[in-house]
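The values are calculated or read from the model by the stated rules, or taken from the named source; none is laboratory data. Keep in mind it's a predicted model, so treat the numbers as computed, not measured. No Cβ is skipped: glycine too gets one built from the backbone with ideal geometry, and neighbour counts run over all protein chains shown. For the accessible areas, the whole protein counts, side chains as well, though only heavy atoms, and no ligand, DNA or RNA atoms are used. Shrake-Rupley method; radii C 1.70, N 1.55, O 1.52, S 1.80 Å.
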Amino acid sequence: MIPYPSWLNSGDNTWQLVAATLVGLMSIPGIAILYGGLVQRKWAVNTMLMAFSAFSIVLVAWVLYEFKMSFGQPLHLGPGILHSAVGKPGPITSAAAETSKANIPLVSGLGLMPDFRFPQSTLAYFQFAFAAITPLLFLGSVIGRMNFKAWLLFVLLWSGLVYSVNAFLLWGGGWWAQMGALDYSGGYVIHLAAGTSGFVAAAVVGPRLARDRARAVPNNLPLVACGAGFLWLGWNGFNGGDMYFGGQNAAAAVLNTNLATAVALLTWVLLDMFLGAQRKPTFLGAVNGMIVGLVAITPAAGFVTGVGAILIGLIASVLVWLSWNKLAKLKFMSRVDDALGVVHTHGVAGLVGGLLVGLFADPAMAIYYNKDGSVVSVAGLFHGHAKQLALQAGAAGTIIVWDGLMTFLILRLIGLFIKLRSPDEVLELGDLAVHDEEAYPSEEGLAAVGVGSSPPPAVEAAPAKSAEPAAEP
């Protein structure tokens, strides 16, 4: 066995595996405990199990057929965008598939970047972590009422029919990648997709119980803080790994990610203090600002300078704060029970970040090479490339239309066989009705479903001791 083939660089390989693990930690435990702490107490177990099960479903589907749908040879379905919208499905379970040199056929053919210097199993696992976190993000739109069986089937179908198309179009060398649209690490493929699909899913599945929606109080803010921390630091792998090399661009992307996030968090807190309804800073507001910064910088992290990162954090936080506090109150928005506001913190933030790439992308940051050795750089409107903004808008429109339509159709199909929303009597009890478990077990809750704790074993009473002191001998 050759431990280091001539094409392998151990530094790049190690960084990609570390980055993939950081992204995986964002999902489990990150999203699981973030959402598990944000929901009402009676839905904590259901939320965490939905996260863990979706993570597992995507991994199995990914190695059996989705990786090649996202990064394989194009499946020619018709003219125009259909000619390179998705890859041919197939497994990557053989020895050759796992140990051979990583390759994205269409990207390599276009000469958009140098050869990868790690095995395909590294690339597959890194990209799996992105595929897995996407349905976990829009889980926040449907928690507290979606039928668990329907959720499992929905994740399986959505991941293959929707996510794989998104990934191929923008990352796998598909139509929008060939046109020149940019999405550094998933502002469109992941976050705009999650916001769009989550909002549509919330509308199709239906709302929570009215009183649950009216009093959606988090059950554990320290748990929320832990989950938010996993997301923030895990994002170093999310954006730092997406140049596929452990070089200077990865370092710049990590710094830009943290800078934009800090600015967005502080902006949201200040907006709450001076313009919010209560004129008070809140921890949940800070978490929202943090997520907005992370999401908005994601499509731009390696394409912009530090100045661009600061501006993206500031602009995105202001716009999403307005969306959360103003747009959400409009009648057509308030009718849809997007439980955790995923459409705002991920959908709107991802859209804003992607469009701002069209303004702030700096040609000195990310450099690619054609097959003939010529240099290709990335530039936005403020650096002389006005077309980039139009390309960003076109790609965003495709994601919104495709994801929204397919989410609607998939859920309607599932709804023919399985009720999408759990019955009201199940929603009254939550975790105990669905799983016979509680995050914080109580005698009252167990009694409500006819499950009582066993009585303590009988213990023979010891003879009572006299209160009088023993007589001295």
Taking the Cα centre of each part, how many Å lie between the stretch 191-265 and the stretch 267-321?
12
From the Cα centre of the stretch 125-177 to that of the stretch 34-76, the distance in Å is 7
Chain lengthening between residue 325 and residue 435 when straightened (0.36 nm per residue, less Cα-Cα)
36.1 nm
Cα axis of helix 306-325 to longest principal axis of the chain: angle in degrees, 0 to 90, nearest 10?
50
Estimated distance in nm for a label pair at residue 215 and residue 75, the labels positioned 7 Å out from Cα along Cα-to-Cβ:
4.9
Quick one: accessible surface of residue 83, probe radius 1.4 Å, all protein chains present, in square angstrom to the nearest 10.
90
Given charges at Cβ of Lys, Arg, Asp, Glu: the stretch 20-166 dipole, positive-most of 40, 103, 151:
40
What's the tally of Lys pairs in the chain whose alpha-carbon atoms lie under 18 angstrom apart, where the two lysines are 8 or more places apart or on different chains?
4
Which order do the peptides 224-237, 411-424 take when ranked by the mean count of other beta-carbon atoms within 10 Å per residue, highest first?
224-237, 411-424
Which far-off residues, 5 or more places away or on another chain, put their amide H under 5 Å from the one on residue 87, with H placed in the peptide plane?
70, 72, 75
Ranked from highest to lowest mean number of other Cβ atoms within 10 Å per residue, what is the order of the peptides 295-308, 376-389?
295-308, 376-389
For every helix of n ≥ 4 consecutive DSSP H residues, a contribution of -39,500 (n - 2.57) applies; sum these over the chain, divide by its total residues, and give [θ] at 222 nm rounded to the nearest 500 deg cm²/dmol.
-17500 deg cm²/dmol
So, with points 7 Å from each Cα along the Cβ direction, the residue 418-residue 149 label distance in nm works out to 0.8
Enumerate the amide H contacts of residue 282 below 5 Å, restricted to partners 5 or more residues apart or on another chain; note that Pro and chain-start residues carry no placed amide H.
none
The chain: angle of helix 148-158 to the longest principal axis, Cα-based, in degrees nearest 10:
10
Restricting to Cα pairs below 8 Å that are 6+ residues apart, what does the relative contact order work out to for the chain? Please round to a whole percent.
21
Hey, can you rank 358-366, 196-204 by average C-beta count inside 10 Å, highest first?
196-204, 358-366
Nearest-0.05 FRET efficiency for residue 103 and residue 334, computed from C-beta distance (R0 51 Å)
0.60
Can you give me the angle between helix 349-360 and the longest principal axis of the chain, using Cα atoms only, in degrees from 0 to 90, rounded to the nearest 10?
30
